[in-house]
1. I'd like to know which of VAL151, THR201, VAL71 lies farthest towards the positive end of the charge dipole of segment 2-226, counting +1 on Cβ of Lys and Arg and -1 on Cβ of Asp and Glu.
2. Have a look at PHE119, LEU22, TRP210 and report the one farthest towards the positive end of the charge dipole of the chain, computed about the Cα centre with Cβ charges (Lys/Arg +1, Asp/Glu -1).
3. Relative to the present Cα-Cα distance, how much length would full extension add between ASP47 and TRP121 at 0.36 nm per residue of separation?
4. Using modelled backbone amide H atoms (1.01 Å from N, in-plane), which distant-in-sequence or interchain residues come within less than 5 Å of VAL30's amide H?
5. Tell me, in nm to one decimal, what length is gained between MET227 and SER14 on full extension, where the rule is 0.36 nm per residue of separation less the Cα-Cα distance?
6. What's the exposure ranking of HIS197, HIS209, going from fewest to most Cβ atoms within 10 Å?
7. Between ASP131 and ASP179, take the C-beta separation as r, use R0 = 22 Å, and let me know the FRET efficiency to the nearest 0.05.
8. Helix-only mean residue ellipticity at 222 nm, the chain, DSSP H runs n ≥ 4 weighted -39,500 (n - 2.57), per residue, nearest 500. What is it?
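Please treat every number below as a calculation from the coordinates, not as lab data. Everything numeric in this text was worked out from a predicted model, so none of it was measured. No Cβ is skipped: glycine too gets one built from the backbone with ideal geometry, and neighbour counts run over all protein chains shown.
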Amino acid sequence: MKVILVPGFWFDASSWDAVTPLLQQSGHDVTALTLPGLASVDIDRSDIGLAEHVAAVVEQVDAAGEPVVLVGSSFAGKLVQIVTDERPESVALVVYVDSLPKPVDAEAADEPAGADIAFSWDELTPDEQRDLTPDQRSTIERTAVPYPARVVRDGWVMADDRRYAVRSLVVATGFTSTDLEQWRADYPGVGDELDAHTDLTIVELPTSHWPQITTPHELVETILDAMP
């Protein structure tokens, strides 16, 4: 199958380097994306919004010519959720890596301000940082690229309820089922969105926020097990 890997905050395609060959060894055609504005620290990101990121993923889905496996890490969970709404017939499996399908607001968010979201370890909980080696932490710090803030601020209108029938996998690495139940209580919309899916599986894989870095073999096995 065609597998499209979409990174979240601060990362380019190279963040999937440990995952890509494992999927290829299983016979899959893999494309890891570098989203607009993430190719270099020096790029002007002020005009890059959610539409540009969605379009970059949709382009890859359309080019595949067959239903794809769409994998989104962290904030890219929102991107793959939107793309599944845009192309429900073209997604065979959507994977949320330490992310969830959540209600997507049609209105723009109030924050963050500015053009960029700079990398900071303060954005991650201790659990989300577990298993990262000193070398991995150093690599992340050295290669991280500020994320276009407009992508986060922009809203989107979800229009096709067929997305709820697409096979969906949540790989929970930095949160647990207990956390999820608390989120359901605190933010009922999260539960409503999850419950609307008719083919959704949640698998706990306790490790860092980026299992593609800390436990790539386990992540790939989890994805392969969910493939149709």
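1. Of VAL151, THR201, VAL71, it is VAL71.
2. Working it through, the farthest residue towards the positive pole turns out to be LEU22.
3. On the way: separation 74, 0.36 × 74 = 26.64 nm, distance 2.58 nm.
Taking ASP47 through TRP121 to full extension adds about 24.1 nm, to one decimal.
4. Those lying under 5 Å, H to H, from VAL30 are VAL3.
5. On the way: separation 213, 0.36 × 213 = 76.68 nm, distance 2.32 nm.
Working it through step by step, the gained length comes to 74.4 nm.
6. Numbers: HIS197 17, HIS209 25.
Ordered by Cβ neighbours within 10 Å, fewest first: HIS197, HIS209.
7. On the way: r = 18 Å, r/R0 = 0.81.
E between ASP131 and ASP179, to the nearest 0.05, is 0.80.
8. On the way: 10 runs with 85 residues, N = 228.
Calculated from helices alone, the mean residue ellipticity at 222 nm is -10500 deg cm²/dmol.
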